[in-house]
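Scroll down for the structure; my scribbles are underneath it.
The values are calculated or read from the model by the stated rules, or taken from the named source; none is laboratory data. Quick caveat, the model's predicted, so the values are computed rather than measured. Backbone-built Cβ (ideal geometry, glycine too); neighbour counts: all protein chains shown. Surface areas here come from the heavy atoms of the whole protein model, side chains and all, with no ligands, DNA or RNA. Shrake-Rupley method; radii C 1.70, N 1.55, O 1.52, S 1.80 Å.
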Amino acid sequence: MGYKYSKQISLGYNSEGKRIRKRVYANSEQELKRKEKELLMQADQALTSTIPLEDYIDEWWEAYKANLSINTQTSYRQYLKPLEPLYRRPINSIKRTDLQRILNSLWGSPSACRYAHKMMTQIFKAAVVDALITVNPTLGLTLPKRQKQEKRIFTDAELDKIKAIDTLTDQEYLFMAFEIYLGLRPEETRALCRSDIKDGYITISKAVVYDGSAPVIKDTKTGAHRRLPIPDALQSILDVFKGTSLYFFTRNGKLFSKGEYARLSAHILSDVNRVLSGTDGLKLSGISMYTFRHTRATQLYYLTQTTHLSTKAAAAYMGHSEMMFLKTYSHIDESRNEDEILRNGVPFIGQDNLKSVPEV
């Protein structure tokens, strides 16, 4: 059968650098254009489906993650690291078993496993939409069971020991004091300056995060500003602090780098560990700079149960929404109520009051 129309189409180059051509035939111009379009699409898909995973991740990141905050981008970059062994593999060659092996290697750390799975899911879902692959290899992956972990807090006796530490520098002790008495997020404490303090109050309006190792000033996590009363004990520490920089936490007049902050926090936690356990090093499980914040929030929650302090005011103090505050800290009252019930006993229930239970 003869065709009225034909056209030779260039489809790129092969591995030896030679041009790849193919001729298409049709009975009408419209059919010829349709066949040309289909052939180019097939060739394009065959070419792009062999894109290395690393190259596609770069494209995916630019499209979906480039506008996130620096802090979030830094976290996401860490979550991508487990995928690095697959980076040079063509994306269409990666199988579910490849991804499951990566998750298995992280099994001992359920949170790291979940974060890696989150990144995998987003990347390969986007690859399906972009027609680079037809089957999403993340479907059916197995994750470790989520184990609920209670937030570690300091007891009153532990706080007394911590407040008595005398081996920290003035700057380190002041940083710890802001954490103890105000329960700030560490990134908020890093951004505090003298102008934030006025008439017995301190305004929390910014945070210091890191772009690589460089400090960057940004809004607080919620974007809202908080004006907190300064406790007398904290004011006493501020009164004797001898620093002269605009910001409280600087080195040679510059905000702490990531490494400098890491050394400061490590020294604080090492001394906390020493006074609580009698040993050097970070050996107490569940203790971090955020433990001070969880402790302060727990104290405020108890106050909402025993005084006229509202949960709305306590949540605003911590920079939480009221719903998040209750969701995070209301569980601490449940165990207390159960202890009270067990201590006081329970009323005797006679046999006649028991409901019948069907046999199974």
What shape does segment 28-146 have by the C-alpha gyration tensor, where a ≥ b ≥ c are the square roots of the eigenvalues, rounded means a/c under 1.5, and otherwise prolate means a/b greater than b/c and oblate the rest?
-> prolate
Between their Cα atoms, which of Lys81/Lys242; Lys81/Lys206; Lys125/Lys254 are more than 32 Å away from each other?
-> Lys81/Lys242; Lys125/Lys254
Determine the principal axes of the Cα atoms in segment 251-311, then give the extent along each, sorted from largest to smallest and rounded to whole angstroms.
-> 44, 34, 15
Pick out, in residue order, every one of the GluC sites (Glu not before Pro) in segment 115-200 that is DSSP loop and has at most 11 other C-beta atoms within 10 Å; say none if there are none.
-> Glu150
If you line up the Cα atoms of segment 55-209 on their principal axes, what length do they span on each, largest first, in Å?
-> 63, 34, 23
Give a quick list of chymotrypsin sites (Phe, Trp or Tyr not before Pro) in segment 233-270 that DSSP marks as loop, anything other than H, G, I, E or B, with at most 16 other Cβ atoms within 10 Å.
-> Phe241
Report, by chain and number, residues whose modeled amide H sits under 5 Å from the one on Ile133, excluding near sequence neighbours (fewer than 5 apart, same chain).
-> Val128
Can you pull out the trypsin sites (Lys or Arg not before Pro) in segment 70-171 that DSSP calls coil and that have at most 13 other Cβ atoms within 10 Å?
-> Arg88, Lys95, Lys145, Arg146, Lys148
Working with all protein chains in place, sort Val128, Val272 by solvent-accessible area computed with a 1.4 Å probe, largest first.
-> Val128, Val272
Under 28 Å from the Cα of Lys35, which lysines turn up, not counting those fewer than eight places away in the same chain?
-> Lys4, Lys7, Lys18, Lys22
Cα-based shape type of segment 220-272, given that a ≥ b ≥ c are square roots of the gyration tensor eigenvalues and the cut on a/c is 1.5 | rounded
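Could you sort out which of Lys95/Lys118; Lys221/Lys327; Lys65/Lys118; Lys163/Lys327 sit more than 23 Å apart by Cα distance in this structure?
Lys163/Lys327
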Report the full-extension gain for the segment Gln305 to Leu141: residue separation times 0.36 nm, less the Cα-Cα distance, to one decimal in nm.
-> 54.7 nm
